[in-house]
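Notes to accompany the following structure.
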Protein chains: 4
Amino acid sequence: MDKHMKMNGLVKSYDTNRARMLISCPDGPGIVSTVSRFLFEHGANIVQSDQYTIDPEGGMFFMRIEFDLAQLEERIDGLKQDFAKIAGRFQMEWNIFQLSHKKKLAIFVSKEDHCLVELLWQWQAGDLDAEISMVVSNHPDMKEYVESFGIPYYHIPVTPETKREAEQKQLEVVNGKVDLIVLARYMQILSPALIQPYRNRIINIHHSFLPAFVGGKPYAQAYDRGVKIIGATAHYVTEELDGGPIIEQDVQRVSHRDDVAELKRIGRTIERVVLARAVKWHIEDRILVHQNKTVVFN
Amino acid sequence: MDKHMKMNGLVKSYDTNRARMLISCPDGPGIVSTVSRFLFEHGANIVQSDQYTIDPEGGMFFMRIEFDLAQLEERIDGLKQDFAKIAGRFQMEWNIFQLSHKKKLAIFVSKEDHCLVELLWQWQAGDLDAEISMVVSNHPDMKEYVESFGIPYYHIPVTPETKREAEQKQLEVVNGKVDLIVLARYMQILSPALIQPYRNRIINIHHSFLPAFVGGKPYAQAYDRGVKIIGATAHYVTEELDGGPIIEQDVQRVSHRDDVAELKRIGRTIERVVLARAVKWHIEDRILVHQNKTVVFN
Amino acid sequence: MDKHMKMNGLVKSYDTNRARMLISCPDGPGIVSTVSRFLFEHGANIVQSDQYTIDPEGGMFFMRIEFDLAQLEERIDGLKQDFAKIAGRFQMEWNIFQLSHKKKLAIFVSKEDHCLVELLWQWQAGDLDAEISMVVSNHPDMKEYVESFGIPYYHIPVTPETKREAEQKQLEVVNGKVDLIVLARYMQILSPALIQPYRNRIINIHHSFLPAFVGGKPYAQAYDRGVKIIGATAHYVTEELDGGPIIEQDVQRVSHRDDVAELKRIGRTIERVVLARAVKWHIEDRILVHQNKTVVFN
Amino acid sequence: MDKHMKMNGLVKSYDTNRARMLISCPDGPGIVSTVSRFLFEHGANIVQSDQYTIDPEGGMFFMRIEFDLAQLEERIDGLKQDFAKIAGRFQMEWNIFQLSHKKKLAIFVSKEDHCLVELLWQWQAGDLDAEISMVVSNHPDMKEYVESFGIPYYHIPVTPETKREAEQKQLEVVNGKVDLIVLARYMQILSPALIQPYRNRIINIHHSFLPAFVGGKPYAQAYDRGVKIIGATAHYVTEELDGGPIIEQDVQRVSHRDDVAELKRIGRTIERVVLARAVKWHIEDRILVHQNKTVVFN
């Protein structure tokens, strides 16, 4: 029943019987009790559960449950059908993810390679439990490097004239083939046609501590303002530029001695770490989105 | 049903019907389901629940549930009696705390006043939801200051000759009157006779990043070793000096420019913040102790 | 020649012969050499020097020198006269501060007391080497508390109708009597008539990580945007609201569990620490302002 | 006179006329004045200077000066000869480094690749201004990867029987060919015969917040102690295991949820960042060692 994976000296074992359930619904009495009883009566053992309620009276309820269930693969469809009745009663948005069904990623990148390199390194080290299905870029620069990992590389140039056509092509290569799109310093604005089907499934890294320094050249903006700390922000992409739900942020102290080039250098490490954390949490089904904010169970 | 408290411009409302349940037990199937069903069937609404399992197979299970129950005051005894049966079945160590029954604190202090001042300030600002029942000190210095808050001050001098007698006196003043003892830079080693009845209910602040620099003069030790970061550690007191379960730690960057006096100055702020956090978490029933480690649900 | 001060167990000794020199000027060859030779030939011993140049060719040069000079009190005027010639040659803005001449502070406060309490506590602990000459407030609430330290308290109410008159009064009480004005959560906008004579000598604490969340209710803004880190910013006050040169910033991680009240609670500790650091650095003559940015030698 | 290097979108220009001078000596009057006058009279322009004195009276003085001097390459020998007289007078330990003479590095590695990968990536990105002359390993695993960068890879196996011979071989491959040895998770203890000629020129990364958890398996030790923060430490290697002068440390918050494997995963990122910082500072001549501590001008 166990699949073992040896990577970089670590042995990880994934029980093919493990799953994760995510629930969002209006708060009300009996939700936890009903859900945990449902799982218990179906023979599942709850390994981890997290729960959060905004404003107990009349608010929203969020839950993440990790559970083991023998012969999950055969029983998952029945389990989902049974749960749909409960979900309907409580007006739940919900999902069940099997750990053995790895999420498929597309990484979009332009010329700056540090976020891509970090994701590939963490993936190779066994720290990102996903499949990297493809890398998409508007430049050919990293083709050879990416292909050396056995990952397909789609070079789709974007110019003002070919933008619409390029977006169409992007949509074709990802459509139905990936679960998550990661913008690893991809410097083009995505088309709504791509954002809509991947709502809350496109993660971007913005190289500032949002909402400070929205838009282009945030390090130059930070330098001009004379801030003493710089940061990076990973967020889900919405139609509003740099305005989507924030997943993770981190910062580092800087000083008057640091010019724009030095801010960029320091920032690259923050960007790498923040983006990799956000991707890891998404892959591990730790993030629930409500309105323009995230609940992160980590 | 609500009690309102106005402090420092903030209005907090505590429902007298709110309680918190802490559970530790060997892991096994059905625990979450059984507990949540129990609460549901007794008419309680779960506001917040946190759960953690060390090593799912044959490991330990920890849970914290915050719930509302109408007419809690009248029904708490019955609830506890009913729950005792479940608890027996799962070999649970457990407790239920009512929010309206505030925990009673004794703060022990010697000559350094910064941790005491911080706790009193946070308490006055409404950030520590407890009663400060007394301050105990081996020095008379802060008597007037403490009494200006309307808090009793017990000056119990400790000398090598009177140590046993002093400990006896300390035991008398706290015994049965306080739920938690906070050592706010109290520079005497406690007697086992005091530690035992207050196991996991005495919090000490050690002025280093434990386990580095156990014992006396940790800032001088840190300076001599040339560390680039200093810290402070809040832990429960056990018979082993600076060896009890760690609740919280924090750190700050220092440089070669900082001499021992400067390390102490920087350290005072870390100590204040770390101790106040640990006390707050204990008061809010967020800490479970297992062997020599803490599970902190925050 | 030495003055000893014993506070809170620390002994600090200030040589009355110690001074600090701050210099800003266009960069060019020979500045360090000329200044250090000048001091050497006048018998001064350089204890500490810091220097920074923006863009070596055609840029700006900044310097802070701490030095000892025997019989400083008698010789300071002559020293300044002699140095004026050098300063003229290099178009320097410069100043020499004697450590024995403590800076005089006015603290402005409204109803939130945490920043005021922190400054008074650090001052009492011997960590702020200044005189607190007065506290000015638009509310009477903290009069008794402040006066218990022997510090004069000026209650100057501000209403839309009396704003001009109140500003006039503020100007009168501080004018010529203080070297630095600290806005310790003073919630009124200062009049340009007060800002101008105290340019780069008024420090404000803004309760956000600027430039994010300028203006009112920054914690509510931060909550609405769903940020994962909050911060505070100490800056010199200019005519532009929250737009002056940033002196110091710090941050703390928050989560979806923290509502606005909790953000405020966490924020209060960040505000206290950040403001106290900025005030300390100003008092120790560590800050040089150039255009809208600070050079901080710490 | 300028050499331009384009890497990863950044253009850096190094003036071949730039140099750095490091000085340690007993403190006394006139040092800064003498040194800056010397440079001025030789036509050098000071771009940056940092200075630090331990205990002004009878203490130690440390200085780092970055300066430009026309035709440096031709004049450096004369400059050094002239400065030797001054150095003798003040009992200085000193050195002058030309920026155009890049330091040569040997990286030692065992099986864990993350620190090596980070250094190579930063080097390729133009962030480490040095030559990587070779990688030395007791395992063959990373030969192909390293050689793909055009860097020689020396596989020198180490067994208890061959240890002495292996050390001899290591000494031969590095001797006279490298300026700095970086132990990037090299899991063998170095021989004193290698340490001695490279005193203060071998940097090790230890995977704990020293002095906590000296020796083997620090993450397992940290887990057992239940610490709430883990860290990593870069230090110069001395004959005492994990006891040499600390260059840099950093930390990250962990929780009861993190098992040993997770601590290792989190720790790998801290290790990478801390080691890269320490190496960068060494390369930029920012570190002075005094007794068992470092002065870092950054």
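The values are calculated or read from the model by the stated rules, or taken from the named source; none is laboratory data. The structure displayed is predicted, hence computed values, not measured ones. Cβ atoms come from the backbone with ideal geometry, glycine included; neighbour counts cover every protein chain shown. Just the protein is used for accessible areas: all its heavy atoms, side chains included, with ligands, DNA and RNA removed. Shrake-Rupley method; radii C 1.70, N 1.55, O 1.52, S 1.80 Å.
A few points about this structure:
- Some residue of region D:71-81 being open to solvent by less than 50 Å² (accessible area, probe 1.4 Å) and either within 14 Å of chain C (Cβ to nearest Cβ) or under 21 Å from the mean Cα position of the chain (by Cα) (or both): no
- The single condition among (1) within 14 Å of chain C (Cβ to nearest Cβ); (2) in a loop (DSSP other than H, G, I, E, B); (3) at pLDDT 95 or above that B:G126 does not meet is (3).
- Considering (1) in a helix (DSSP H, G or I); (2) more than 14 Å from chain B (Cβ to nearest Cβ); (3) of a type outside the set (G, A, S), the lone condition that C:V158 does not fulfil carries the number (1).
- Count of region B:249-273 residues which are under 19 Å from the mean Cα position of the chain (by Cα) and closer than 20 Å to D:I230 by Cα: 5
- Here A:E248 clears all of (1) part of a loop (DSSP other than H, G, I, E, B); (2) in contact with a Leu (Cβ under 9 Å, 6 or more places away or on another chain) except the condition numbered (1).
- Any chance C:W94 is of a type in the set (F, W, Y), under 21 Å from the mean Cα position of the chain (by Cα) and farther than 19 Å from C:N298 by Cα: no
- In region C:216-233, the residues that are within 13 Å of another protein chain (Cβ to nearest Cβ), surrounded by fewer than 24 Cβ atoms within 10 Å (Cβ to Cβ) and either touching a helix residue (DSSP H, G or I) at 6+ places or on another chain (Cβ under 8 Å) or of a type in the set (A, V, I, L, M) (or both): C:Y219, C:Y223, C:I229
- Residue list for region A:72-101, restricted to those being hydrophobic (A, V, I, L, M, F, W, C) and not in a strand (DSSP E or B): A:L72, A:I76, A:L79, A:F83, A:A84, A:I86, A:A87, A:F90, A:M92, A:L99
- One residue from A:G231, A:G267, A:G244 being in contact with a Ser or Thr (Cβ under 6 Å, 6 or more places away or on another chain), under 26 Å from A:W123 (Cβ atoms), assigned by TED's automatic domain parsing to the domain that holds A:L171 and not basic (K, R): A:G244
- Residues satisfying the stated conditions in region A:279-288, i.e. in contact (Cβ under 8 Å) with a residue 40 or more places away in the chain, assigned to a helix (DSSP H, G or I) and either open to solvent by 30 Å² or more (accessible area, probe 1.4 Å) or more than 10 Å from every other protein chain (Cβ to nearest Cβ) (or both): A:V279, A:H282, A:I283
- Being outside any helix (DSSP H, G or I), at positive phi and either surrounded by 21 or more Cβ atoms within 10 Å (Cβ to Cβ) or more than 11 Å from chain B (Cβ to nearest Cβ) (or both) is not true of D:F209.
- Scanning region D:37-70 for residues that are assigned to a strand (DSSP E or B), more than 10 Å from chain C (Cβ to nearest Cβ) and open to solvent by 20 Å² or more (accessible area, probe 1.4 Å) turns up D:I54, D:M60.
- Restricting region B:44-55 to residues that are over 20 Å from A:F38 (Cβ atoms) and of a type outside the set (D, E) leaves a set whose member that is modelled with the highest pLDDT is B:Y52.
- Scope region C:82-91; condition out of contact with any helix residue (DSSP H, G or I) (no Cβ under 9 Å at 6 or more places or on another chain) and open to solvent by less than 10 Å² (accessible area, probe 1.4 Å); matching residues: C:A87
- Candidate set: region C:129-140, residues that are not β-branched (V, I, T) and not in a loop (DSSP other than H, G, I, E, B); chosen: the one farthest from the chain's Cα centre (by Cα): C:S137
- Scoring B:A84 on the criteria (1) in contact (Cβ under 8 Å) with a residue 24 or more places away in the chain; (2) among the small types (G, A, S); (3) farther than 17 Å from A:A44 by Cα leaves a single failure, condition (1).
- Single residue of D:L120, D:L116, D:L171 found to be assigned to a helix (DSSP H, G or I), touching a residue at least 60 places away in the same chain (Cβ under 8 Å) and open to solvent by less than 60 Å² (accessible area, probe 1.4 Å): D:L116
- Candidates are the residues of region A:256-275 that are part of a loop (DSSP other than H, G, I, E, B) and open to solvent by less than 50 Å² (accessible area, probe 1.4 Å); the one that is nearest to the other protein chains (Cβ to nearest Cβ) is A:H256.
- The condition of being at pLDDT below 95 and either charged (D, E, K, R) or under 15 Å from the mean Cα position of the chain (by Cα) (or both) holds for only one of A:K163, A:K177, A:K143, that being A:K163.
- Per the conditions (1) more than 17 Å from A:R18 (Cβ to Cβ); (2) touching a Ser or Thr at 6+ places or on another chain (Cβ under 6 Å); (3) of a type outside the set (S, T, Y); (4) not assigned by TED's automatic domain parsing to the domain that holds A:I283, the sole criterion not satisfied by A:I65 is (1).
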